[in-house]
């Protein structure tokens, strides 16, 4: 039921949403944090779903015969069986977050002191080149 919705958001690149996050949250740190969280959520979420789906049917049958349900089923069956697929890809968000934070910092506008010095230097060099 949620698969098409998850696939739609997963296929949207985090950097493509950078302007949306900037418009909604502004240029401050909140947009950077939201973008990093967005990009790091998908690998962990999709690997967790895959790990839960990959539980051996024999293990499910044994849990059903022992009448393990609810929180006990989650704690005794699902977490131990799915933990390799949850924990091992946990390094991928570190790479995603570093690339997103670098690209997000590049989208920051120049401070006004830099803008004035850049415009002064460029107009001076143009004037100097024109006089020659």
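Residues in segment 52-69 that are in contact (Cβ under 8 Å) with a residue 24 or more places away in the chain and under 23 Å from residue 7 (Cα atoms) were compared, and the one that is surrounded by the fewest Cβ atoms within 10 Å (Cβ to Cβ) is 54. Residue 49 satisfies every condition listed in (1) under 12 Å from the mean Cα position of the chain (by Cα); (2) surrounded by 11 or more Cβ atoms within 10 Å (Cβ to Cβ) except (1).
Keeping to segment 13-27, report how many residues are loosely packed, with under 10 Cβ neighbours inside 10 Å and not in a helix (DSSP H, G or I). The number of residues fulfilling the criteria is 1. Out of segment 1-12, which residues are over 22 Å from residue 101 (Cβ atoms) and assigned to a helix (DSSP H, G or I)? Once the filter is applied, which keeps residues that are over 22 Å from residue 101 (Cβ atoms) and assigned to a helix (DSSP H, G or I), segment 1-12 yields 3, 4, 5, 6, 7, 8.
Values in this text are rule-based calculations from the coordinates and carry no lab data. No experiment lies behind these values; they were computed from the predicted model shown. Note that we place each Cβ from the backbone using ideal geometry, even for glycine, and neighbour counts take in every protein chain shown.
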